[in-house]
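The values are calculated or read from the model by the stated rules, or taken from the named source; none is laboratory data. Since the model is a prediction, treat every value here as computed from it, not as a measurement. Cβ: placed from backbone, ideal geometry, glycine included. Neighbour counts: every protein chain shown.
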Amino acid sequence: MQTVQAGHPLAGFPVSEALGLPRAFGTMFLGETFAAHVCVCNEGAAGVRDVSVRVAMQTGSQQLALLTEAAAQLAGGQPLNAQVAHEIKELGAHVLACAVSYVTAQGERRVLQRAFKFGVANPLVVKTKVNHAARAVLLEVQVLNATQAPMALERLRFEPSPPFAAEDLGAEDHGAEVYGADDRGADGLGRASLAETRAAFMQPGDVRQFLYRLTPQPPPGPVTVDQERAAQYAPALGKLDILWRGAFGSFGRLQTSQLLRKSPGMFLIEIERAAVVGSEDNSACLELPFAARVRVRNVSDRPMVVSAAVRPHAHPAVIACGPAQHSLGEMQPGEAHDLDLQFLPLAPGVQRVGAVVLVDSLSGYTREVDHLLDVFVAA
C-alpha cells in the first residue's frame, strides 16, 4: 500500500487527498514478492497519541504479521511511514489487512481498518517425465509460461537428492561436469541450466524443455553394489529452482517439492551395457553376421554362477547365429563379465536385438531379457 500526499490539499474536500491502493488490485504470481509502502498520516489539526499500526497478510491457510509499528504520538499533518514485503508462497485469494489504533486529544480510542484483496496464480506449469536406463535415470522437464505476458526464464537449477549425481544434457558442455547433492552454488542450490548472462525468453504458452541424466553419486572409490541399489530404489530425485523476470525487470522464484518417481526395482543380474563390436553407432550390414558384447553384472549380495541362453525373438528380424548356450562362470557380488553373442540381421532399418535368459545355478534365479539393444541395419 503506497500513499502519495498532494502538494496542495483541497480545502473542504470530504475525501482525503492521499492516493492509495484500490480495495482489489488484480493478480500476482506464485513466487513473486509483494512489496508495499504503508503511510499513516494524521490529517487533523490536533495531535494523537498511542498510535499503533498492524499489517498482516491473510491467505487461505494462515495469517502472517508483516508489520507492528508504534509511535508515541503524531502531530497534526505528521506521517508514519513503513515498508512491508512478503514472498508469495500460496495460490488463491490473499488479503492485506491493515489496522490503525490511536487515542484522540479528547482521550477517545479509535480503530481504523482497511483490507486490500488480490489473487495469486501459478506463472509456470512444470511437467516431468522419468525414463529408466541402465544404471541411470533420464529426467525430462517441461516448463510452460502460464501467464498472459512474456517472461525471461533467467535460471533453472536442478538439485539432485542423495544418492544421485546429475548431468545436464541440454548444456553445450554437458559432458564436462557431473554434480551431486553436495555441489551447490553460493546460494546453496544446484548448478544452473541456463547461463546467467542469457535468459530464455518465453511468450505466453511457450514451452522450454530440459533433460538431466541421474546416476549414483560418484564416491571416492568405485560405485559399490549398495550405492547402486540405493540409487535404484530411491523415490526422490531432486528439486527444481526456477527464477524468471517479468515486466520492468520484476522477478519471481519458484521452487518445486521433491520430484518423485516409481522405483523400477532391481534385478539380481543386471545388463550394464550392450553394443555392437567394432561399431561406434551400433550399426550392421544386412545379412552379414555381427557380434554384440553384453556386460553382465552380479548386483546381489551373494556369489553367483551365471549362464546365458539365447532364445528366438518374437519378431526375428535379427536372429542368433552362434552358440545358444554360454557360461559366464562364478561372479562375486559387484563383479561383471562380458558376454559375446553372434547375430544375423535379416531386415533393414532399426531392429531390436534379443532375447537372452540369464540363470544363476546356485540359487535358481532366472531373468529373461527381451531387449538387449537396438541396431541400425544398412541394406
Specify which of the listed residues (302, 297) is basic (Lys, Arg) and either outside any loop (DSSP other than H, G, I, E, B) or within 24 Å of residue 214 (Cβ to Cβ) (or both). 297
Residue selected from region 289-332 under the condition in contact (Cβ under 8 Å) with a residue 24 or more places away in the chain and of a type in the set (S, T, N, Q), by the criterion surrounded by the fewest Cβ atoms within 10 Å (Cβ to Cβ): 332
Filter region 197-242 for residues that are surrounded by 12 or more Cβ atoms within 10 Å (Cβ to Cβ) and among the β-branched types (Val, Ile, Thr); the one that is modelled with the lowest pLDDT is 223
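Here's the yes/no breakdown for (1) aliphatic (A, V, I, L, M); (2) touching a residue at least 24 places away in the same chain (Cβ under 8 Å); (3) outside the structural domain of residue 43 (by TED's automatic domain parsing); (4) within 21 Å of residue 244 (Cα to Cα):
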residue: 86; (1), (2), (3), (4): no, yes, no, yes
residue: 105; (1), (2), (3), (4): yes, yes, no, no
residue: 117; (1), (2), (3), (4): no, yes, no, no
residue: 141; (1), (2), (3), (4): yes, yes, yes, yes
Name the single residue, out of those in region 127-150 being modelled with pLDDT under 90 and assigned to a strand (DSSP E or B), that is farthest from residue 255 (Cα to Cα). 133
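Quick one: count up the residues across region 352-365 that are closer than 19 Å to residue 336 by Cβ and either touching a His at 6+ places or on another chain (Cβ under 9 Å) or outside any loop (DSSP other than H, G, I, E, B) (or both). Give the steps one after another, and end with the answer.
Step one: list which residues in region 352-365 are closer than 19 Å to residue 336 by Cβ, which gives 356-363, 365.
From what's left, either touching a His at 6+ places or on another chain (Cβ under 9 Å) or outside any loop (DSSP other than H, G, I, E, B) (or both): 356-360.
Of the residues in region 352-365, 5 are closer than 19 Å to residue 336 by Cβ and either touching a His at 6+ places or on another chain (Cβ under 9 Å) or outside any loop (DSSP other than H, G, I, E, B) (or both).
Given the condition in contact with a strand residue (DSSP E or B) (Cβ under 8 Å, 6 or more places away or on another chain), assigned to a strand (DSSP E or B) and buried (at least 17 other Cβ atoms within 10 Å of the Cβ), answer yes or no: does some residue in region 64-73 qualify? Don't jump to the end; show me each part of the working.
First pass over region 64-73, keeping only residues in contact with a strand residue (DSSP E or B) (Cβ under 8 Å, 6 or more places away or on another chain): 64-73.
Next, from what is left, pick out any that are assigned to a strand (DSSP E or B): 64-73.
Those still in the list that are buried (at least 17 other Cβ atoms within 10 Å of the Cβ) too: 66.
Checked region 64-73: at least one residue is in contact with a strand residue (DSSP E or B) (Cβ under 8 Å, 6 or more places away or on another chain), assigned to a strand (DSSP E or B) and buried (at least 17 other Cβ atoms within 10 Å of the Cβ).
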